[in-house]
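Each remark here refers to the structure printed beneath this line.
Nothing in this text is a laboratory measurement; each read-out follows from the coordinates by a stated rule. Bear in mind the structure is a predicted one, so any value in this text is a computation, not a measurement. Note that we place each Cβ from the backbone using ideal geometry, even for glycine, and neighbour counts take in every protein chain shown.
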Amino acid sequence: MKFISTRQKNPIDGKTVSFLEAVKQGLAPDGGLYMPVQIPKPDPSFWTDIARLPFTEMATRVLSLYLKDELSEESIHEISQDAFSFPVTIQPIDASTRLLELFHGPTLAFKDFGARFMARVYAHMVKKSDRELTILAATSGDTGSAVAHGFYRVPGVNVILLYPSGGVSPLQEKQMTTLGENITALEIDGVFDDCQRLVKWALTNQTVQTHLQLSSANSINIARLLPQSLYYIHARSNGVEEDSRQQDVTFCVPSGNFGNLTAGLLAQAMGLPGVSFIAATNSNHTVPDYLSGAVFQPRKTISTISNAMDVGNPSNFERMMHLFGHSDQQIRNELKGGWATDEETLQTMEKVYRENNEHICPHTAVGVHVADQHRRSGALREDQMVIVPATAHPVKFTDVVQKATGATIPIPTRVQDCMNKKKSSINMSTREHDLQDFLLSGRA
Ligand SMILES: *Cc1c(COP(=O)(O)O)cnc(C)c1O
């Protein structure tokens, strides 16, 4: 399977790249995002065959459709077993709404799926070369912790994270700065945009490149997208009762950069039967507005309490348009959208707690609210089964969740252990020169 940039309308030979090349490049040279040249469409029997398989077996079958030219089935199986080593569970919160809990990985958010898979793909590539690889990543929180844990102790790969000093939550900071070994955290005396600028500078700087084999781990990498399709496939066959397996499922997906939703749409495009999607955002509602007929208009980012979704110009929109053949009409026919204010998000966290004695994170609450909105307006049947991906564990957002519910979230032991560890980071200015000195010193 070859991959092509979303900005190339015709798959002309020579413009396509292999999966491993697409992973290495991250962003395509023309500024587009990589997508499969042709989306694999297995026979309908494929979906019934894999429906009862354990997650990693299903993952191997699905990922092989994309990767079998480049990785043996055995390698794909090994990578899957290693990457998806935590449970994916489904919890009802009312008669027709379920939460797909994607936060049982090491950093308590769904980004573990993509980051852990990508890390193991890189490890596979490094095994075949004799040069160590250095991954640079700028982070405002969740990505950095997922990347750090994903690559932790992966042989032949060093990770350097750049995060804004004082700009991430205490738990996120501890998750990035307490691992050691092949993970180095640079605490930048600036904001996230400074970190991002420094990473871009290093990735294109000749002096640095001759000393180190550098690569990035950003969220638009195709290796992070593909594995995110898997949990929709899993939920489609395990999230509904035996006797209602034929029933349609609507996924209402809390979205920021829209990687998570795009992965679901990819599964749908592969022919996964009986699924539809709703795009749910916070007050950064560029995409829901577009879906209701407005011109697509990137906006300045608005700060909200579901801050991992504070994105005014979502990069995966390009991939969504690519999947719908760049047709406004087609995407508007197939995909619904909605959004929640902070007030509605708080009310939803409170309601779910009151009715279920269960804390949910603010991002998940946005999804639950938008699903309710669609039921109330009649856009969805009252009894339509809705599955909301629960994107993070509520303990990652303790302050706002406890404010909403008025109750204390029990802290899992592994979180307490992490908070008790000693932080180790290197302070750095926002100057390119300082980063260059550090990279060339061989200290990472
Ligand atoms: C990243 C993130 C999101 C948004 O996911 P996208 O793929 O960027 O749309 C939602 N919730 C949490 C907790 C996140 O970390």
Item to complete: Tell me which residues, restricted to segment 388-444, are within 16 Å of the ligand (Cβ to nearest atom), among the β-branched types (Val, Ile, Thr) and assigned to a strand (DSSP E or B).
Response: 388
Worksheet item: Among (1) surrounded by 19 or more Cβ atoms within 10 Å (Cβ to Cβ); (2) within 16 Å of the ligand (Cβ to nearest atom); (3) not charged (D, E, K, R), where does residue 374 come up short?
Response: (2)
Response to the item:
Within segment 1-51, residues of a type in the set (Val, Ile, Thr) and closer than 21 Å to residue 65 by Cβ come out as 4, 6, 16, 17, 23, 37, 39, 48, 50
Item to complete: Read through the list (1) crowded, with 18+ Cβ neighbours inside 10 Å; (2) under 17 Å from residue 128 (Cβ atoms); (3) more than 23 Å from the chain's Cα centre (by Cα), then give the number of the only condition that residue 69 fails.
Response: (1)
Discussion item. Can you list the strands (runs of 3 or more DSSP E) lying wholly within segment 88-151 that have 1 or more residues being within 14 Å of the ligand (Cβ to nearest atom), of a type in the set (Asp, Glu) and in contact with a strand residue (DSSP E or B) (Cβ under 6 Å, 6 or more places away or on another chain)?
Written reply: 97-101
Fill in: In segment 409-428, the residues that are in contact with a strand residue (DSSP E or B) (Cβ under 9 Å, 6 or more places away or on another chain) and among the polar types (S, T, N, Q)
424, 425, 427
Worksheet item: In segment 233-242, is there at least one residue being in contact with a Gly (Cβ under 7 Å, 6 or more places away or on another chain), farther than 25 Å from residue 168 by Cα, away from the ligand (no atom under 12 Å from the Cβ) and not in a helix (DSSP H, G or I)?
Response: no
Item to complete: Output the residues belonging to segment 393-406 that are surrounded by fewer than 18 Cβ atoms within 10 Å (Cβ to Cβ) and either among the acidic types (Asp, Glu) or more than 26 Å from the chain's Cα centre (by Cα) (or both).
Response: 399, 403, 406
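For (1) among the hydrophobic types (A, V, I, L, M, F, W, C); (2) buried (at least 21 other Cβ atoms within 10 Å of the Cβ); (3) in contact with a helix residue (DSSP H, G or I) (Cβ under 8 Å, 6 or more places away or on another chain), each residue gets a yes or a no:
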{"position": "370", "(1), (2), (3)": "yes, yes, no"}
{"position": "384", "(1), (2), (3)": "no, no, yes"}
{"position": "387", "(1), (2), (3)": "yes, yes, yes"}
{"position": "391", "(1), (2), (3)": "no, yes, yes"}
{"position": "408", "(1), (2), (3)": "no, no, yes"}
{"position": "412", "(1), (2), (3)": "no, no, yes"}
{"position": "415", "(1), (2), (3)": "yes, no, yes"}
Practice prompt. Considering every residue within segment 160-182, establish whether at least one is among the small types (Gly, Ala, Ser), in contact (Cβ under 8 Å) with a residue 12 or more places away in the chain, within 23 Å of residue 83 (Cβ to Cβ) and assigned to a strand (DSSP E or B).
Written response: no
Worksheet item: residue 223 fails exactly one of the following numbered conditions: (1) under 28 Å from residue 18 (Cα atoms); (2) among the small types (Gly, Ala, Ser); (3) within 13 Å of the ligand (Cβ to nearest atom). What is the number of that condition?
Response: (3)
Worksheet item: Any residue at all in segment 27-38 that is surrounded by 14 or more Cβ atoms within 10 Å (Cβ to Cβ), more than 19 Å from residue 221 (Cα to Cα) and not hydroxyl-bearing (Ser, Thr, Tyr)?
Response: no
Fill in: Any chance residue 46 is within 16 Å of the ligand (Cβ to nearest atom), among the aromatic types (Phe, Trp, Tyr) and not in a strand (DSSP E or B)
no
Worksheet entry | The listed residue being farther than 24 Å from residue 59 by Cα and in contact with a Lys or Arg (Cβ under 6 Å, 6 or more places away or on another chain), out of 213, 209, 196 | 213
Worksheet item: Do we have any residue at all in segment 195-203 that's under 21 Å from residue 280 (Cβ atoms) and assigned to a helix (DSSP H, G or I)?
Response: no
